[in-house]
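Asks: Dumping the structure here so I can ask a few things about it.
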Amino acid sequence: MLIDDVKIKVKAGRGGDGAVAFNSAMMVLGPTGASGGNGGSIYFEGVSDLGALGQFRYKKELAAQNGEKGKHQLNDGANGDDLILKVPIGTVVHNLSIAKDDEIIFIGQRLLAVKGGRGGKGNFKFRSSVNTSPTEFQEGLPGEECELRLELKLIADVGFIGLPNVGKSSLLNQLTNAKSKVANYSFTTLEPNLGVYYELILADIPGLIEGASGGKGLGIKFLRHIERTKTLFHFISAESADPEKDYQIIRNELGAYNKELLNKPECIFLSKADLLDKDEVDKKLDKLKAAGKEATAISVIDDVSISCVEEILREVIKQKYM
Ligand SMILES: Nc1nc2c(ncn2[C@@H]2O[C@H](COP(=O)(O)OP(=O)(O)OP(=O)(O)O)[C@@H](O)[C@H]2O)c(=O)[nH]1
Ligand SMILES: [Mg+2]
């Protein structure tokens, strides 16, 4: 199960207290209490592993190491180790404590989640000409802590959407080296699958049904993964008795999730076209056209139509760099 939405609590390390100590060697006077170490901070770091949020499935409270207390003889306490949490690129970090959002976009990107507390000064740092034997010291400061929601929104260029069983995964597998599960029933795909086509990342999203926004089928939570895509590939099965209705069902669900999805450029495909006679396919294309929807008939077992899709993808690649 892809974990793509999880709440966690993070707590940075506390700074170590400063020490109060005096030189014990005869003949030498003066304070030697050292400072405490700083508490460890917690950072996020972008990685390519889409499943990286799985680490938070059971472990939802994370803490970095505290700083060590200052020691005698001017030995500062050690700093607490930082904690680096690896998260998939595309993760939006919502800070629920202060209502602020950040994004991890590239591999290796680091984001400070909570800062460790400063270590306190030992009595050595309080010495002065008027007080050569200070007994003052500072306590270490607490580390920051907050509650975060980590939401993965996949970074993909093209999102494959449509009713279940319309051939989305089949096309992904055909175009890329993805191995998305394909079968002749609804909801074969239970979580998004990615495939790489030259410079493009294609995202195959589980099928949507009428009422998905109300929780039917697998729901619409997966639509977060096409929020960032530039282009949508909308699949309608040529077997459908009413392709226009199928189209509208999906548009309604997209709109219910986020109206902005409706403004994305889309390509409409009448899929599995090999299952019908050419005349029947043309009739359905004409009907869609009359309704203002220009669709392209495709079939994963027909090389000509695959080349047609590839041409569209080349255009998407061009647009990407414009
Ligand atoms: N004849 C024919 N069958 C196809 C074609 N594309 C897909 N299929 C078949 O249609 C069925 C569904 O294909 P999938 O790729 O799993 O469909 P999907 O849209 O990913 O389905 P969900 O994951 O359930 O949303 C499978 O049995 C495929 O073999 C096609 O172009 N022609
Ligand atoms: Mg599928």
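Asks: Among Thr135, Thr91, which is among the polar types (S, T, N, Q), farther than 30 Å from Ser299 by Cα and open to solvent by 50 Å² or more (accessible area, probe 1.4 Å)?
Replies: Working: Thr91 fails: open to solvent by 50 Å² or more (accessible area, probe 1.4 Å).
Testing whether each residue is among the polar types (S, T, N, Q), farther than 30 Å from Ser299 by Cα and open to solvent by 50 Å² or more (accessible area, probe 1.4 Å) leaves just Thr135.
Asks: Of all the residues that make up region 6-58, how many are closer than 14 Å to Thr91 by Cβ, open to solvent by 40 Å² or more (accessible area, probe 1.4 Å) and modelled with pLDDT of 95 or more?
Replies: 3
Asks: When you go through (1) open to solvent by 10 Å² or more (accessible area, probe 1.4 Å); (2) within 16 Å of ligand 1 (Cβ to nearest atom); (3) closer than 29 Å to Val47 by Cβ one by one for Glu210, which number turns out not to apply?
Replies: The single condition Glu210 does not satisfy is (3).
Asks: Give me the residue from region 194-207 that is open to solvent by 10 Å² or more (accessible area, probe 1.4 Å) and outside any strand (DSSP E or B) and, out of that set, nearest to Ala178 (Cα to Cα).
Replies: Tyr198
Asks: Report yes if Ile205 is closer than 16 Å to Glu253 by Cα and away from ligand 1 (no atom under 13 Å from the Cβ), otherwise no.
Replies: So Ile205 fails the test.
Asks: Scan region 214-227 for residues that are surrounded by 17 or more Cβ atoms within 10 Å (Cβ to Cβ) and farther than 16 Å from Glu266 by Cα and report the count.
Replies: Residues that pass the stated criteria total 6.
Asks: Go through Val316, Val281, Val309, Val304 for me and flag whichever is open to solvent by 80 Å² or more (accessible area, probe 1.4 Å), among the aliphatic types (A, V, I, L, M) and part of a helix (DSSP H, G or I).
Replies: Only one candidate qualifies: Val304.
Asks: Given the residues Leu190, Leu148, Leu175, which is the only one that is open to solvent by less than 30 Å² (accessible area, probe 1.4 Å) and within 16 Å of ligand 2 (Cβ to nearest atom)? Before the answer, list the steps.
Replies: Numbers: Leu190 fails: open to solvent by less than 30 Å² (accessible area, probe 1.4 Å); Leu148 fails: within 16 Å of ligand 2 (Cβ to nearest atom).
Just a single option satisfies the conditions, and that option is Leu175.
Asks: Keeping to region 228-256, report how many residues are open to solvent by less than 50 Å² (accessible area, probe 1.4 Å), within 30 Å of Tyr321 (Cα to Cα) and not in a helix (DSSP H, G or I).
Replies: Total satisfying the criteria: 7.
Asks: How about region 33-62: which of its residues are outside any helix (DSSP H, G or I), without any contact (Cβ under 8 Å) to a residue 60 or more places away in the chain and out of contact with any helix residue (DSSP H, G or I) (no Cβ under 9 Å at 6 or more places or on another chain)?
Replies: Passing the criteria: Ser48, Asp49, Gly51, Arg57, Tyr58, Lys59, Lys60, Glu61.
Asks: Pull out all pairs, ordered by first then second residue, where Cβ-Cβ is under 7 Å, the residues are six or more apart or on different chains, the first lies in region 168-192 and is free of Cβ contacts under 8 Å to residues at least 24 places away in the same chain, and the second is assigned to a helix (DSSP H, G or I) and more than 8 Å from ligand 2 (Cβ to nearest atom).
Replies: The qualifying pairs are Lys179/Asn173; Val182/Asn173.
Asks: Of everything in region 166-193 that's small (Gly, Ala, Ser) and part of a loop (DSSP other than H, G, I, E, B), which residue is nearest to ligand 1 (Cβ to nearest atom)?
Replies: For region 166-193, the residue satisfying everything is Gly167.
Asks: Identify, please: which residue in region 93-141 is among the basic types (Lys, Arg) and in a strand (DSSP E or B) and is, among those, farthest from Gly40 (Cα to Cα)?
Replies: Filtering region 93-141 for residues among the basic types (Lys, Arg) gives 100, 110, 115, 118, 121, 125, 127.
This time we only want the ones that are in a strand (DSSP E or B), so: 100, 110.
On the way: Lys100: 22, Arg110: 15 Å.
Checked region 93-141; the qualifying residue farthest from Gly40 (Cα to Cα) is Lys100.
Asks: Let me ask something else about it. Can you tell which of Gly108, Gly120 is open to solvent by 30 Å² or more (accessible area, probe 1.4 Å) and touching a residue at least 60 places away in the same chain (Cβ under 8 Å)?
Replies: Gly108
The values are calculated or read from the model by the stated rules, or taken from the named source; none is laboratory data. Treat the numbers as computed from the prediction; the structure is a model and nothing was measured. With ideal geometry, Cβ positions are generated from the backbone for all residues, glycine too; neighbour counts draw on all protein chains shown. Side chains are part of the model used for accessible areas, which takes the heavy atoms of the whole protein and leaves out ligands, DNA and RNA. Shrake-Rupley method; radii C 1.70, N 1.55, O 1.52, S 1.80 Å.
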